Amino acid sequence: MTRIGLSANPQKPVALELAGLARDALEGRAEAILSQETARALGVTGVPLSQMEADAVVTFGGDGSVLYAAHRTPIPILGVNVGAMGFLAEVEPTREALHDALDRLVKGDFHVEERMRLSIQGLSHDLPDALNEVLVHSAQVGRMRSFEVFVDGQSMGVLRADGLLVATPTGSTSYSLSVGGPMVDPTLEAILLCPIAPFTPSPHALVLGPRHEIGIQPTDRGKDCVVIVDGQQEAPLPWGAPISIYASPRKARLIRFAPRFLEKLRTKSLLPWGV
């Protein structure tokens, strides 16, 4: 591996410090290319992630930093966790762990794990594919809306709630988990439908196969909604305007050294039978 991109959350000093350490550690072993935001914070020159030509991108930040990179580049991503949960990250934020990860990266001692993403059609402007989830929500906080939900063109009925999450298995331990959705092995392919604060007290999350197409249409006259991808980018959704959500042909590619999903559930005390 000869070209490695480095992308740090510029709002986190520890992330910038680790990115600088990585740049120094790669000197003479591989070409380090800084993202534009990272380079600006370090006072040097960089390139936008969308224009970066590299064999891998190392992100320094929380899960949001991995999502930010996944929205902008198809290059395989290695996450260094400088955040809270770190489900998408692979490397802990210590010098020893970072040097070991970079050494394995340069030597090619890793595998690339492909993750399902979701595409959206029907909006007034394009949003990137979602790695975690697509959120369809009332445009006004605390105001319920009615959403007619379709699966493969067939109406499943009307949901009265604050919103509806359409999540991937990768996103099952993110927003979906906080609204009562199941934890799903992220290497699987499935579509999760999770109501948010529904009027009916006990609708359960629904898990569907990856080949289904989900339709959502806000039905309250004159009351608009919003579509948000991975908590980062959004677009307005007028009442009566249907959208379609389906498995994207474009996979996210995450660099992994070993399977760690169950270990993370255990160490973060998310398994119901404890540690």
Taking first residues from the range 115-141 that are at positive phi and assigned by TED's automatic domain parsing to the domain that holds PRO169 and second residues anywhere that are assigned to a loop (DSSP other than H, G, I, E, B) and hydrophobic (A, V, I, L, M, F, W, C), the pairs with Cβ under 7 Å that are 6 or more apart or on different chains are GLY122/ALA241
Log entry, pairs with first residue in the range 50-70 being surrounded by 21 or more Cβ atoms within 10 Å (Cβ to Cβ), second being aromatic (Phe, Trp, Tyr), beta carbons closer than 7 Å, six or more apart or on different chains, reads ASP63/PHE87
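Hey, can you tell me all the residues within the range 171-208 that are assigned to a strand (DSSP E or B), β-branched (Val, Ile, Thr) and in contact (Cβ under 8 Å) with a residue 40 or more places away in the chain? Walk me through how you get there before you give the answer.
Taking the range 171-208 first, the residues assigned to a strand (DSSP E or B) are 191-196, 206-208.
Add one more test, that the residue is β-branched (Val, Ile, Thr), and what stays is 191, 196, 207.
Once the filter is applied, which keeps residues that are assigned to a strand (DSSP E or B), β-branched (Val, Ile, Thr) and in contact (Cβ under 8 Å) with a residue 40 or more places away in the chain, the range 171-208 yields ILE191, ILE196.
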Complete set of residues in the range 210-225 that are at negative phi and either small (Gly, Ala, Ser) or part of a loop (DSSP other than H, G, I, E, B) (or both): PRO210, ARG211, HIS212, GLU213, GLY215, THR219, ASP220, ARG221, LYS223, ASP224
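Give GLY86, GLY79, GLY171 a once-over and let me know the one that is over 30 Å from GLY240 (Cα atoms), under 16 Å from the mean Cα position of the chain (by Cα), of a type in the set (Gly, Ala, Ser) and at pLDDT 95 or above.
Working: GLY86 fails: at pLDDT 95 or above; GLY171 fails: over 30 Å from GLY240 (Cα atoms).
Matching residue, one of GLY86, GLY79, GLY171: GLY79.
Results for (1) farther than 28 Å from ILE77 by Cβ; (2) in contact with an Asp or Glu (Cβ under 8 Å, 6 or more places away or on another chain), shown as yes or no for each residue.
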residue	(1), (2)
THR173	no, no
VAL184	no, no
HIS212	no, yes
VAL226	no, yes
ASP230	no, yes
GLU234	no, no
LEU237	yes, yes
SER248	no, yes
From the list VAL134, VAL149, which residue is more than 22 Å from PRO259 (Cα to Cα), of a type in the set (A, V, I, L, M, F, W, C) and surrounded by fewer than 23 Cβ atoms within 10 Å (Cβ to Cβ)? VAL149
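Step by step: first the residues of the range 66-110, then only those that are charged (D, E, K, R) and assigned to a loop (DSSP other than H, G, I, E, B), then the one that is nearest to ALA30 (Cα to Cα). Which residue is that? Show your work before the answer.
As a first pass, look at the range 66-110 and keep what is charged (D, E, K, R): 72, 90, 92, 95-96, 100, 103-104, 107, 109.
Pick out the ones that are also assigned to a loop (DSSP other than H, G, I, E, B) and you get 72, 90, 92, 109.
Numbers: ARG72: 22, GLU90: 20, GLU92: 21, ASP109: 15 Å.
Only one residue tops the list, namely ASP109.
The values are calculated or read from the model by the stated rules, or taken from the named source; none is laboratory data. Everything numeric in this text was worked out from a predicted model, so none of it was measured. Note that each Cβ is placed from the backbone with ideal geometry, even for glycine, and that neighbours are counted across all protein chains shown.
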